[in-house]
Amino acid sequence: MAERETLLSILDLARWAPSGDNTQPWRFEIVSDDHIAIHGFDTRDWCLYDFDGRPSHMAHGALLETLRIAATVFGLDARWTIRPGCPDTAPIYDVRLREEPGLVPDPLLPQIKTRVVQRRPMSTTPLTDAQRARLTAAPGPDFQVQFFESAAERLAVAKLLWGNAHVRLTCPEAYAVHKEIIEWGARFSKDRIPEQAVGVDPVTARLMRWVMQSWGRVEFFNRYLFGTIAPRIQLDFLPALACAAHVLLRPLKSPRLLDDHVAAGVALQRLWLTVTSLGLHLQPEMTPVIFRWYARSGRSVSRRAGINEAVVQLAGQFEEIAEVDDTVPFAFFCRIGGGAAPTGRSLRKELIDLMVGVS
Ligand SMILES: Cc1cc2nc3c(=O)[nH]c(=O)nc-3n(C[C@H](O)[C@H](O)[C@H](O)COP(=O)(O)O)c2cc1C
C-alpha cells in the first residue's frame, strides 16, 4: 500500500520523540507496506530512574503518538496494538497503516522536530486562560492536568526538587547513571545529553566533569566542599522558580499494566507538543515522580543509609503540594514557560541504526 520510502519518512520523523536521558529505547522493523513493528526495550537493568521500565514505556507511548502524527502527512491513519505474549522488558508494538481519504495533517505535526527540553531558567510570564485551557485538553480525557503557578507554589516545588536532587547527587546508584548519560564538551549529542543542554554554566560543567570521574571524588566533594550546592541551585532550585508553571499529569485510573504507562507517554507527548505549539518550553521533572513510585511501593532506592527514609519523606512532601493522599497516581511532572530556546540539544541516532531486519 504505502511505499517503503513513505514508511521510512514516517519513522524518520517519529524518532524525534523524547525518551528519558535520550536512550531511544526502540528499534523499527518494516514488516510489510502497511505494517511497522516497534521493538521496545527498557533500561531498568542499569538505570535507577527506569523504575520497572515505566519511563521507557512512557517513551514508547511518546514515540507511537509521534508516529501517528507523522503518518498523517501522507494521509495515513496509524493504529497500534501491543503484541500479546511479549515480556514487559521487550514489548513489541504492531502499527498498522491505512489510507484514510480526507485525512488532514495533524495540527501538532510542525512541533515534532522543534519540541526540545529547556533545562535553563524560563520566563515567569503567567499562562493565559486560553493557554491553560489548551494544555488541560491536550492529554485527553483520561488525564487530569494540575498547575502550580503562584510564587508560593513554585517555591514549594523548588524545595521539593532541592530535596530530590540531594538524594540524586549523594546516591551511588544514581551516580552510576549520571556518569553514562552526559556527553561532556558537546553542544549536540545523538545518543546522550550534551553538556550544553544540561543547564549549568561552563565553569560548573568543568567542575562536574572532573568530579564525576570517580565516586570517591564525588563523596569527597560532597562531604567537604558542599559539592551538591552549586548544581542543585543551577539545575533545580532556580529553574523551579523561573518558570510560568509546574504541571502534574495525573491518570484518572491507577496505572497497572504496560498499556497504562504507554498511554501516559502518549499523553505527555501531546502535552509537550502543545506546549511547543504555544511558543513555550518544557522540562520534565521526573525525579520526584520516580522516587515516589519507589517510596509508595516500598522499594529501595539505595543501599546507602538514610536515603530510603529521605525518599519516603519527599513523597509525602510531593503529596502535600498536590493536596492528595498516597494512593493518587502521578504520571508526569514538568515545568513550562516562555523565553529563549536552548542552544544545545540532544539529537537522535541515525534512522539506519534504529532499523532491524534490514539487509
Ligand atoms: C519519560 C521521560 C522522562 C524524562 N525525565 C526527565 C527529567 O527528569 N529531567 C530532564 O531534564 N529531562 C527529562 N526527560 C527529557 C529527556 O532527557 C529528553 O527528552 C531527551 O534527552 C531528548 O532530548 P529532547 O527532548 O530535547 O529532544 C525525560 C523524557 C521522558 C520521555
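Some observations on this one:
- Fewest-first ordering of C243, C47 by other beta carbons within 10 Å of each residue's beta carbon gives C47, C243.
- Max mean-square fluctuation residue, GNM over the chain, Cα-Cα springs under 10 Å, options T72, T204, T89: T204
- Between Q131, Q213, Q234, the Gaussian network model of the chain with springs among Cα atoms under 10 angstrom shows the greatest mean-square fluctuation at Q213.
- Over the chain, the Kirkwood radius and the radius of gyration, each from Cα atoms, give a ratio Rg/Rh of 0.96.
- Listed residue (F330, S254, T274) projecting farthest to the positive dipole end of segment 228-347, Cβ model: T274
- Per-pair calculated FRET efficiency, R0 = 51 Å: R4 and L155 via Cβ, rounded to 0.05: 0.40
- Acute angle (nearest 10 degrees) that the helix 258-277 long axis makes with the longest principal axis of the chain, alpha-carbon atoms: 90 degrees
- About the centre of its Cα atoms, segment 129-346 shows a dipole size close to 580 debye [charges on the beta carbon of Lys, Arg (+1) and Asp, Glu (-1) only; nearest 20 debye].
- Each other residue within a Cβ distance under 13 Å of P141 adds +1 if Lys or Arg and -1 if Asp or Glu, for a net charge of +2.
- Summed side-chain charge close to A242 - residues other than A242 whose Cβ falls under 12 Å, Lys, Arg +1, Asp, Glu -1: +3
- Segment 54-61 - phi-based ³J(HN,Hα) in whole Hz, Karplus 6.51/-1.76/1.60, Gly and Pro as x: 4, x, 5, 4, 5, 4, 4, x
- For the pair L347 and T125 in one chain, pulling the backbone fully straight at 0.36 nm per residue adds 77.0 nm over the alpha carbon distance.
- You can think of it this way: the chain between M355 and R187 has 57.9 nm of extra reach, that is 0.36 nm per residue less the Cα-Cα gap.
- Rh (Kirkwood; distinct C-alpha pairs) - segment 168-297, Å: 17.1 Å
- Dipole magnitude (debye, nearest 20) for segment 5-102, charges at Cβ of Lys, Arg, Asp, Glu: 120 debye
- Summarising the label geometry, the points placed 7 Å from Cα in the beta-carbon direction at R79 and Q144 lie 3.1 nm from one another.
Every read-out reported here was derived from the displayed coordinates using simple, explicitly stated rules and does not represent laboratory data. Just so you know, these numbers come straight off a predicted model, no measurement behind them. Positions of Cβ are generated from backbone atoms using ideal geometry, with glycine treated the same way; all protein chains shown enter the neighbour counts.
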